[in-house]
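These notes are about the structure you will find just below.
The values are calculated or read from the model by the stated rules, or taken from the named source; none is laboratory data. Computed from a prediction, not measured in an experiment: that's the story for all the values here. Glycine gets a Cβ as well: all are built from the backbone with ideal geometry, and neighbour counts include every protein chain shown.
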Amino acid sequence: MYRLTSTICVLALLAGTGHAQNPPAPKTNAKASKTAAQRPLVEFEMMTWVEVKKAIHEQGKTTALIYNGGTEQRGPHNVNGGHNLMGRETVRAIALKLGNAIAAPVLPYSPNNASADLPGTIGLTAPLFAEINEQVADQLIKTGFKNIVLMGDHGSGQKELKEVAEKLDQKYSSQGVRVVYCDEVYQKAQDDFDRWCADHGYLSGGHANISDTSEMLYLGGDKGWVRKELLSTAVGDPVPAPGERVERKINNGITGDARRASAALGERYFDMKVDYAVRQIRRLLEGNKATTVHP
């Protein structure tokens with residue numbers, strides 16, 4: 001009996017010691033968890049089907065935003081996925097500001113063509129690009145969205161987006177569904193920002209230039225989107241005048257001058273794109289009962 005009691009005591013002691021040696025459970029970061037929980041959910045790919053259904057039928061989020069990005073070389077200083085990275089932030093901000101919208105996954109390819117000289121581009125043919133956007137829009141309409149907005153962050157493809165929107169709007173308008181094309185997020189915002197840059201002594205225009213680079217610095221300067229150490233040499237071939245063909249002498253993927261790019265300029269440009277898009281979308285969908293915007 002004495003031996004049994006002693007054995008039990010020893011086992012109990014060892015068990016207690018083993019438990020004490022286990023590391024304590026990690027403390028949860030309450031602040032981080034609270035922030036994550038409070039982050040507004042407007043990205044289709046980050047929602048469950050239950051959340052999508054609730055957003056459409058209970059929260060009035062009946063507008064779907066199809067934003068097209070692109071994978072292409074952006075000079076030696078900007079990462080190839082810049083259009084996609086900027087596109088995700090842009091469409092999220094537009095959705096939040098509209099209040100009644102959900103952002104579809106950003107399409108990572110645009111009408112473009114690969115190059116062995118500047119190997120950073122993966123492109124689609126224009127017809128395939130148009131077909132993909134049409135299919136995505138059809139799918140979102142089947143899901144239950146009443147308004148579809150087509151947009152793009154890349155110059156090539158704007159024509160196709162406009163044509164797809166017109167085709168589908170004619171097809172679905174009798175069913176109370178609208179499909180529209182928002183071009184001001186790209187062309188008008190770019191033109192007006194270039195004008196502002198010129199008025200304030202900045203060189204503007206072109207590819208991988210001051211507008212692109214500044215926006216990437218603002219949105220992802222601390223995330224590796226821009227090779228900051230190369231900014232001092234980020235100048236390429238001059239921007240051609242309308243109808244003019246410029247001989248590629250530098251041929252580094254830059255058209256224009258990005259050396260004075262900054263996060264402050266990027267913030268101005270980003271806000272301009274979002275504001276222009278929101279105003280145009282509201283205007284295009286005005287009168288459609290499914291466009292009520294929630295504060």
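Miscellaneous remarks
- The residues listed here are Lys146, Lys188; of these, the one that is in contact (Cβ under 8 Å) with a residue 40 or more places away in the chain and over 20 Å from the mean Cα position of the chain (by Cα) is Lys146.
- Residue within the range 118-133 that is of a type in the set (Val, Ile, Thr) and closer than 23 Å to Asp212 by Cα present: yes
- Answer from Ser232, Ser211 - the residue that is in a helix (DSSP H, G or I) and over 19 Å from Met86 (Cα atoms): Ser232
- Val274 being within 30 Å of Ala137 (Cβ to Cβ), in contact with a strand residue (DSSP E or B) (Cβ under 8 Å, 6 or more places away or on another chain) and among the β-branched types (Val, Ile, Thr): no
- For Leu203, the criteria (1) touching a strand residue (DSSP E or B) at 6+ places or on another chain (Cβ under 9 Å); (2) modelled with pLDDT under 95; (3) of a type in the set (A, V, I, L, M, F, W, C); (4) assigned to a helix (DSSP H, G or I) hold in every case but one, which is (4).
- Some residue of the range 264-279 being assigned to a loop (DSSP other than H, G, I, E, B) and under 25 Å from the mean Cα position of the chain (by Cα): no
- Yes/no for Glu160 being in contact (Cβ under 8 Å) with a residue 12 or more places away in the chain, over 20 Å from Ala261 (Cβ atoms) and within 20 Å of the chain's Cα centre (by Cα): yes
- Out of Val177, Val185, sole residue that is over 19 Å from Asn252 (Cβ atoms), at pLDDT 95 or above and in contact with a strand residue (DSSP E or B) (Cβ under 6 Å, 6 or more places away or on another chain): Val185
- Note on the range 105-123: among residues that are of a type outside the set (Gly, Ala, Ser) and surrounded by fewer than 20 Cβ atoms within 10 Å (Cβ to Cβ), the one that is nearest to Ala64 (Cα to Cα) is Pro105.
- Matching residues in the range 214-226 - criterion: being in a loop (DSSP other than H, G, I, E, B), surrounded by 14 or more Cβ atoms within 10 Å (Cβ to Cβ) and not hydrophobic (A, V, I, L, M, F, W, C): Gly221
- Glu58 vs. criteria of a type in the set (Asp, Glu), without any contact (Cβ under 8 Å) to a residue 12 or more places away in the chain and within 21 Å of Lys162 (Cβ to Cβ): no
- Residues of the range 77-99 that turn out to be surrounded by fewer than 22 Cβ atoms within 10 Å (Cβ to Cβ), assigned to a loop (DSSP other than H, G, I, E, B) and either without any contact (Cβ under 8 Å) to a residue 24 or more places away in the chain or out of contact with any Phe, Trp or Tyr (no Cβ under 9 Å at 6 or more places or on another chain) (or both), as a count: 2
- Given (1) under 19 Å from the mean Cα position of the chain (by Cα); (2) surrounded by 20 or more Cβ atoms within 10 Å (Cβ to Cβ); (3) closer than 17 Å to Phe270 by Cβ, number of the condition Val180 does not satisfy: (3)
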